[in-house]
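Quick note: the coordinates plus some simple rules give every number you see, no bench work behind them. Because the structure is predicted, anything quoted here is derived from the model rather than measured. So basically every Cβ, Gly included, is an ideal-geometry build from the backbone, and we count neighbours across all protein chains shown.
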Amino acid sequence: MTIENAVRPAERAVQLLGDDLTETTLKRYLEGLPGVDAVGLEQRAAGLGSRSIKTTSKAWALDKIIELIDLTTLEGADTPGKVRSLVAKALVPDASDLSTPRVAAVCVYGDMVPYAVEALGSAHAAGTDQGINVAAVATAFPSGRASLAVKLADTADAVAAGADEIDMVIDRGAFLSGRYGLVFDQIVAVKEACRRADGTYAHLKVILETGELNTYDNVRRASWLSILAGGDFIKTSTGKVAPAATLPVTLLMLEVVRDWHLLTGEKVGVKPAGGIRSSKDAIKYLVTVAETAGEEWLQPHLFRFGASSLLNDVLLQRQKLSTGHYSGADYVTID
Amino acid sequence: MSFLEYAPAPESTAILNLKPEYGLFIGGEFVAGGGESFSTISPATEKPIARIANADSGDVDRAVAAARRAYDKTWSKLSGRDRGKYLFRIARLVQERARELAVAESLDNGKPIKESRDVDVPLVAAWFFYYAGWADKLDHAGLGANPRSLGVAAQVIPWNFPLLMLAWKIAPALAAGNTVVLKPAEQTPLTALLFAEILQQADLPAGVVNILTGAGDTGRALVNHPDVNKVAFTGSTSVGREIARSTAGSGKKLTLELGGKAANIVFDDAPIDQAVEGIVNGIFFNQGHVCCAGSRLLVQENVHDEVVERLKSRLSTLRVGDPLDKNTDVGAINSAEQLARIRELSAVGEDEGAERWSPACELPAEGFWFAPTIFTNVSTSHRIAREEIFGPVLSVLTFRTPAEAIAKANNTPYGLSAGIWSDKGSKVLAVADKLRAGVIWANTFNRFDPASPFGGFKESGYGREGGRHGLAAYLKGSK
């Protein structure tokens, strides 16, 4: 662990664990966190999932879901044309109803960032709260199996091309074998690579890939680790590993950011990604956010959905609410 | 607008097809009662739901006679396999009419629809399915070969889980070959009467189950009836004592499931977030109208502040209100009398120096309501730490060592249930071994299963309900 080299991003860990931050103190801290009872956690998530969101609450929730979506395409077959089409959809999700809100961001591979930025044009938020952000996955997404130098170059490249947000993956191999210091250092280094020439930082989302961490105790430790290392968001999954986002895992991560807020007053975001396809599921997540971290977390800088097909289901539900009847898949656009 | 003020999502009552008045269910038919009929009301609105017949002693005689006739002529002569068929049929009908039963239960009792829908009614069906399976396997109930049924069982049940307590009583009694006269509580007779309709639908032979509505006098006449072989009662310890006295020496077999003041013990190595959920579920489930409610929270001193703080913020998200709204977490208090008792004991708690806290919540103007309440700084000598409040009121005490936790948990005249929260399995087992309580939950609370016996130590009663042990209450060995 090379804490002495760590710069600003390691601040949180230094403040919580002290100046003599070592791998041992970090490990002790993470392993000293209270355990998670799997049965109880899943029961609570199921309870939250049984809330019945109707009429005006549902209308509000559907619009809110759209505002929180990172509209995503992460395929090897992606082309500039596909990205332009995705951006067009992000700008005007429903051509038949221009009152539909815009999504929070588009999420693409690093090499597609220039096309996304170009397609957004003046609608590019570029760090402001007006418009749409461009998020790029980096650090040898989705496996994370590359040298640190490659991961940093990957990140810096995307930031230089205009990415406002970086979705990095942690080294699950290192985490599972107990080398928390290595994972910590990498997140700190990637955060530093998010620094722009003017000294500001691209937002860093740390993907835990919870489907590979196996236990809720691991998810809780990885969440704390990522926050301590300077992550602005903790994100469940890449979407390339099953299971991706689940309600219990998201609930657990929301409990961590709530606890972090109680401890420090600082707010960290959560992004469930992968596997959330229906409005009904997405509403369960909104309920979980509101009843765990609080309603103020239902803002794009504190909560996101990583999704692609979810948007169309929300649009169909939205049309149903305004017209009173269901249309069909041909009445929303494919992107 | 706040998202958390979810728009109303009321369950429709259109599914209910209630009659304006209900008679007594004797010999397979609804008949008029001899006493003055009374109204059952919805505790959430105080509006009457239906007129209910009141059984007098003549009705009790007729019902017991019908049960005796059915026992002698039909039920005791049926094979276990055939009795099982009827029970399976009842279980399936309960499932078919689950929504209707859930709505009726929430309307009459005041409990949230999500509990009647997701807990009460599914457990009712499970109880009948479970004992249906036992009906032809009584030789393996641990009572020797060919255990015999007792005869006519008189059963008196409380208002907190009206239909579930009915199932706990009727299912094992019928499986074992007894016939039944059951009296539901006068506050909550509705689902028992709908259940009588289900028995008609199931073509259960006339008189095998008789349901008498009425108040304490009816119950007294029933349990004291000379032709009754078995008395089963769930309710308060004082009434239980009276029944024990009056049935003593009569040869009637007796099981009592009475009050409780359960300790919920939270150790410092507990999974804190789940423990907080368990504490909430332990005392605010069913408005705390649960005999096994975790009404005494024992928290290890070093995590007391953290647990209480988390508990308070969790309580702030509880939704108190219309029991028929699908998002309601805490419903109405069952009756004006119960509300008065909860208020009285809470006032005593404050006078004795405990610190009272409730989340800000708006209570409806009509009906009987009490905000979820926690008392901190409670001493073991306070009345709120000794007496059963039977409402949404939690007393928080602390302990320092496992030995102290055990001593405090056992320091009660009751002994129905207890909970232990710890990540360490060995500690859970060691503590559970020393607790004097019939049911001990580890890292959960208020979970029920028909295969698991339930019952108390000390003033919480005797006999077990549920599981193989529950059959012993309705059978005698052949030896």
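Tabulated data
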{"item": "Proxy reagent accessibility, fewest Cβ within 10 Å first, across B:Ile52, A:Ile207", "result": "B:Ile52, A:Ile207"}
{"item": "Chain B: relative contact order in percent, alpha carbon pairs under 8 Å with at least 6 residues between", "result": "18 percent"}
{"item": "Gain on full stretching of the segment that runs from B:Lys85 to B:Asp351 - 0.36 nm per residue minus C-alpha separation", "result": "90.1 nm"}
{"item": "Convex hull volume per residue for chain B, taking Cα atoms only, in Å³", "result": "140 Å³"}
{"item": "Rounded Å value of the spacing that divides the Cα centres of segment A:192-250 and segment B:298-348", "result": "36 Å"}
{"item": "Which of A:Lys27, B:Lys252, B:Lys261 has the fewest Cβ neighbours within 10 Å, and the rest in rising order", "result": "A:Lys27, B:Lys252, B:Lys261"}
{"item": "Pairwise centroid distance, computed over Cα atoms, of segment B:102-153 with segment B:17-64, Å", "result": "23 Å"}
{"item": "Of A:Lys54/B:Lys19; B:Lys183/B:Lys434; B:Lys85/B:Lys169; B:Lys47/B:Lys261; A:Lys82/A:Lys267; A:Lys191/A:Lys271, those spanning more than 27 Å from alpha-carbon to alpha-carbon", "result": "A:Lys54/B:Lys19; B:Lys183/B:Lys434; B:Lys47/B:Lys261; A:Lys82/A:Lys267"}
{"item": "Per-pair calculated FRET efficiency, R0 = 22 Å: B:Asp61 and B:Gln95 via Cβ, rounded to 0.05", "result": "0.05"}
{"item": "Dipole magnitude of segment A:7-330 about its Cα centre (Cβ charges: Lys, Arg +1; Asp, Glu -1), debye to nearest 20", "result": "600 debye"}
{"item": "Under 12 Å from the Cα of B:Lys111 - aspartates and glutamates, other chains or at least 8 residues apart", "result": "B:Asp120, B:Asp322, B:Asp325, B:Asp329"}
{"item": "Length added when fully stretched, A:Glu67-A:Ser322, from 0.36 nm per residue minus Cα-Cα", "result": "90.0 nm"}
{"item": "Dipole-positive endmost among B:Thr373, B:Ser76, B:Asn109 within chain B (Cβ charges, Cα centre)", "result": "B:Ser76"}
{"item": "Spatial separation of Cα centroids for segment A:133-160 and segment B:398-447, in angstrom", "result": "51 Å"}
{"item": "Taking chain A and dividing mean pair separation by its residue count, relative contact order in percent (alpha carbons under 8 Å, at least six apart)", "result": "19 percent"}
{"item": "Over segment A:127-286: Kirkwood hydrodynamic radius from C-alpha pairwise inverse distances, Å", "result": "15.8 Å"}
{"item": "Shape metrics for segment A:15-79, restricted to C-alpha atoms - Rg then Dmax, Å", "result": "20.9, 55"}
{"item": "Anisotropy class of segment A:42-115 from Cα gyration tensor, a/c 1.5 cut", "result": "oblate"}
{"item": "Cα gyration tensor shape of the protein assembly as shown, rounded if a/c is under 1.5, else prolate or oblate by comparing a/b with b/c", "result": "prolate"}
{"item": "Helix B:304-315 vs. chain B, principal-axis angle (Cα, 0 to 90°, nearest 10)", "result": "60 degrees"}
{"item": "Sum of side-chain charges, B:Thr218 neighbourhood, beta-carbon under 14 Å (Lys, Arg +1; Asp, Glu -1)", "result": "-3"}
{"item": "Rounded to whole Hz, the Karplus (6.51, -1.76, 1.60) HN-Hα couplings of segment B:415-421, x for glycine and proline", "result": "x, 8, 8, 7, x, 10, 10"}
{"item": "Nearest-ten-degree value, helix A:180-193 long axis tilted from longest Cα axis of chain A", "result": "60 degrees"}
{"item": "Residue among A:Ala136, A:Leu26, A:Thr236 farthest towards the positive dipole end of segment A:7-330, charges placed on Cβ", "result": "A:Thr236"}
{"item": "Segment B:91-203: relative contact order in percent, alpha carbon pairs under 8 Å with at least 6 residues between", "result": "30 percent"}
{"item": "Calculated diffusion of chain A, Stokes-Einstein form, Kirkwood radius summed over Cα pairs, 20 °C and 1.002 mPa s, µm²/s", "result": "107 µm²/s"}
{"item": "Helix-derived mean residue ellipticity, 222 nm - over chain B, DSSP H n ≥ 4, -39500 (n - 2.57), to 500", "result": "-11500 deg cm²/dmol"}
{"item": "Helix-only mean residue ellipticity at 222 nm for chain A, each DSSP H run of n ≥ 4 adding -39500 (n - 2.57), per residue, nearest 500", "result": "-14000 deg cm²/dmol"}
{"item": "Cα gyration tensor shape for segment B:13-152, rounded if a/c is under 1.5, else prolate or oblate", "result": "oblate"}
{"item": "Inter-site label distance for B:Lys77 and B:His140 at 7 Å from Cα along Cβ, in nm", "result": "2.9 nm"}
